[in-house]
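Each remark here refers to the structure printed beneath this line.
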């Protein structure tokens, strides 16, 4: 088992597919110029470098894995090669950015990552990351330049095939091979929109917007992003479930576990250059003002009643969220541009932050009536999306701390009062969470006995068990 401090996992699978590109479509749209002048990597972005804290953190992780990971793997050239492959997969798993020459040049790092990690040296990792960033920006600048001539200028006359899942495909031989691959990807995107009956002018507009947004995201990449990708390539060389959480990711993990945060109670997203409101948490601080609505756009953020308003147009979403969150009782001011359909001028809204409950991931109940053998049975169903617990409140000794076990016990009592005949615990789509909480939850439904065993490095198995013979449902 991986270390709890770095525990998280997510995997996706995709079958190999091909898209056949043909000339079955006639072009009859008016050209619409939407692209500004192309901006180069040198003009727009400075190559990233590791921060001092990243070197120290990597040394800590090396030591933690060496002493505490169950598998006791040696960090040597074999491990270095695996880390290299993991990192290359994380950077360009689809093999659409690097050329074969790029990969050959980076091969010099294959057997040196272990020694570099032991010294806290992240230079090789950032060299690879910066090469990827240059190639990514080159590709989207290339697409934007192609779109300047309009969709009708694309050649759909050739009989071509595009391999969508390129995980096992060879690396493009050179720049010309990359251009040919991205030409096909561009034409596939355009054809997909034509299948949805979109005119070429609209296709050009949508694709230009898409690729500009991708460029903006690339140019906003930070050293912490590069470090996180690399360290997780390292930790997954030990096992696929051992993960590094950056401070910001760790904060979000704790929020998800406690089902609460201190902020304004608004779900936000990045849309073009703006941070827009998706929805408001019912009875949350933002909703209570009555002055903020879904689709409103946030253009600046100020702290307190008199703090300067900071323009956040074009910012990364997580940076905007960081400004808006804050301790309970503190004030934040948002300059809002109402939904464009409203046609109103910008306004400043002051909000007092408070604790916001996130109930979407909480256990929930429903009572179903099923007819069997001429009889109606009332079946209670409790859905548990995750095993959550408010670690902070638990550590502080708060007897009313929020947890899956406490919520489920309450829901069972409510269902009993409603006349439930049977109970189903629905764990479909459960994303995991606190192992201790899963153990406690099991104890609600068994009299006593072991629930799970955990073995750490150099230690005997630790048996989790239920010693309380009381049951919430028998």
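Points to keep in mind about this one:
- Residue that is surrounded by the most Cβ atoms within 10 Å (Cβ to Cβ), among those in region 359-392 that are closer than 28 Å to residue 323 by Cβ and touching a helix residue (DSSP H, G or I) at 6+ places or on another chain (Cβ under 7 Å): 388
- Against the numbered list (1) modelled with pLDDT under 95; (2) in contact with a strand residue (DSSP E or B) (Cβ under 9 Å, 6 or more places away or on another chain); (3) surrounded by fewer than 16 Cβ atoms within 10 Å (Cβ to Cβ), residue 350 comes up short only at (1).
- Residues satisfying the stated conditions in region 220-232, i.e. surrounded by fewer than 23 Cβ atoms within 10 Å (Cβ to Cβ) and either out of contact with any helix residue (DSSP H, G or I) (no Cβ under 7 Å at 6 or more places or on another chain) or part of a helix (DSSP H, G or I) (or both): 220, 222, 223, 224, 225, 228, 229, 232
- Some residue of region 125-139 being in a loop (DSSP other than H, G, I, E, B), in the same structural domain as residue 79 (by TED's automatic domain parsing) and either touching a residue at least 12 places away in the same chain (Cβ under 8 Å) or more than 30 Å from the chain's Cα centre (by Cα) (or both): no
- In region 400-427, the residue that is farthest from residue 251 (Cα to Cα) out of those that are under 33 Å from the mean Cα position of the chain (by Cα) and not in a helix (DSSP H, G or I) is 424.
- Meets criteria (at pLDDT below 95, assigned to a loop (DSSP other than H, G, I, E, B) and in contact with a helix residue (DSSP H, G or I) (Cβ under 9 Å, 6 or more places away or on another chain)) for residue 166: yes
- Scanning region 300-320 for residues that are closer than 15 Å to residue 271 by Cα and touching a helix residue (DSSP H, G or I) at 6+ places or on another chain (Cβ under 9 Å) turns up 312, 314, 315, 316, 318.
- The set of residues from region 353-377 being out of contact with any strand residue (DSSP E or B) (no Cβ under 6 Å at 6 or more places or on another chain) and assigned to a strand (DSSP E or B) comprises 354, 371, 372, 375.
- Taken over region 311-334, the criterion of being within 12 Å of residue 300 (Cα to Cα), in a loop (DSSP other than H, G, I, E, B) and in contact with a strand residue (DSSP E or B) (Cβ under 6 Å, 6 or more places away or on another chain) is satisfied by 312, 313.
- Some residue of region 336-344 being assigned to a helix (DSSP H, G or I) and either crowded, with 17+ Cβ neighbours inside 10 Å or in the same structural domain as residue 216 (by TED's automatic domain parsing) (or both): no
- Any chance residue 96 is surrounded by fewer than 20 Cβ atoms within 10 Å (Cβ to Cβ), touching a residue at least 60 places away in the same chain (Cβ under 8 Å) and assigned to a helix (DSSP H, G or I): no
- If you go through region 252-304 and keep only what is closer than 18 Å to residue 355 by Cα and part of a strand (DSSP E or B), you end up with 260, 261, 262, 263, 266, 267, 268, 279, 280, 303.
- Top-ranked residue in region 104-122 [being in a helix (DSSP H, G or I) and in contact with a helix residue (DSSP H, G or I) (Cβ under 7 Å, 6 or more places away or on another chain); ranked as surrounded by the most Cβ atoms within 10 Å (Cβ to Cβ)]: 113
The values are calculated or read from the model by the stated rules, or taken from the named source; none is laboratory data. Remember, predicted model here, so these are calculated numbers, not experimental data. No Cβ is skipped: glycine too gets one built from the backbone with ideal geometry, and neighbour counts run over all protein chains shown.
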